[in-house]
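Data block below; observations after.
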């Protein structure tokens, strides 16, 4: 079992490489359409998703609960997909979401701007000026999405296990490179460790969403981590009632066998 995440520049053959890799390996491709459908099933309508999906949000959008909820549900959908086995995750901050997972290979696919502009001209049937605008706007959005929602530099090659320049490669050769790297970088121990970690990440995210999104419990710096059914809640609250509500909500989530409360209560000044 392995998870491949692919961050890609527009017109760098990212999607084409993913399709070829899926054909070679049998891995499922988790792309925009797939994620959009999964989030819609959870009540996050497509029109709301489009405000945040790999876009640099405006100031108010970045500060809104809608943006935070989008990322919470996005992580849930990605963990659910990873729990079902081998998959290729296209963008959506996947390289950050799975960064600490042992059986994860992070790939970035790019190409020089001039190459991508030429490809965009052909793909979108437009002139050079329009193609450059499209490419640069997409870069701007993906950089902003990663920075604002994940505090990560999407363009930094140090955030990836493998970076591919497709200026001189087609999608088949690029996919072969990823496949070879996958075999070299992830061994049986990594697969076993990742297989054990993913259910814990998934359960922790389910608990977080139940408390924050469903029950609307307000806690500062709230975290929910799971370890084989033992869930530890962290953060800060000014009221015991909020802590009790969070603990009760966590206990009701399927798969939780025990809850450890590590939420600190801090009395508000002047209260």
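What to note about this one:
- Among residues of segment 9-48 being modelled with pLDDT under 95 and under 16 Å from residue 85 (Cβ atoms), the one that is surrounded by the most Cβ atoms within 10 Å (Cβ to Cβ) is 38.
- Scanning segment 117-132 for residues that are more than 18 Å from residue 13 (Cα to Cα) and assigned to a helix (DSSP H, G or I) yields 128, 129, 130.
- Some residue of segment 108-122 being closer than 30 Å to residue 196 by Cβ, crowded, with 18+ Cβ neighbours inside 10 Å and in contact (Cβ under 8 Å) with a residue 12 or more places away in the chain: yes
- Taking segment 49-88 as the range and being in a loop (DSSP other than H, G, I, E, B), at pLDDT 80 or above and surrounded by 15 or more Cβ atoms within 10 Å (Cβ to Cβ) as the test, only 86 passes.
- Scanning segment 7-25 for residues that are assigned to a helix (DSSP H, G or I), closer than 17 Å to residue 104 by Cβ and in contact with a helix residue (DSSP H, G or I) (Cβ under 6 Å, 6 or more places away or on another chain) gives a single hit, 21.
- Residue match in segment 126-140 (condition: surrounded by fewer than 15 Cβ atoms within 10 Å (Cβ to Cβ), modelled with pLDDT of 95 or more and within 29 Å of residue 27 (Cα to Cα)): no
- Restricted to helices (runs of 4 or more DSSP H) entirely inside segment 153-271, those with at least 1 residues that are within 30 Å of residue 20 (Cα to Cα) and out of contact with any helix residue (DSSP H, G or I) (no Cβ under 6 Å at 6 or more places or on another chain) are 171-185, 188-209.
- Test set (1) at pLDDT 95 or above; (2) surrounded by 13 or more Cβ atoms within 10 Å (Cβ to Cβ); (3) outside any loop (DSSP other than H, G, I, E, B) - residue 144 fails condition number: (1)
- Residue among 245, 219, 202 that is farther than 30 Å from residue 12 by Cβ, touching a residue at least 12 places away in the same chain (Cβ under 8 Å) and under 16 Å from the mean Cα position of the chain (by Cα): 202
- Sole residue being over 24 Å from residue 34 (Cα atoms) and modelled with pLDDT under 95, chosen from 151, 156: 151
The values are calculated or read from the model by the stated rules, or taken from the named source; none is laboratory data. What you see is a predicted model, and the numbers here were worked out from it, not measured in a lab. Neighbour counts are summed over all protein chains in view; Cβ atoms, including those assigned to glycine, are modelled from backbone coordinates with ideal geometry.
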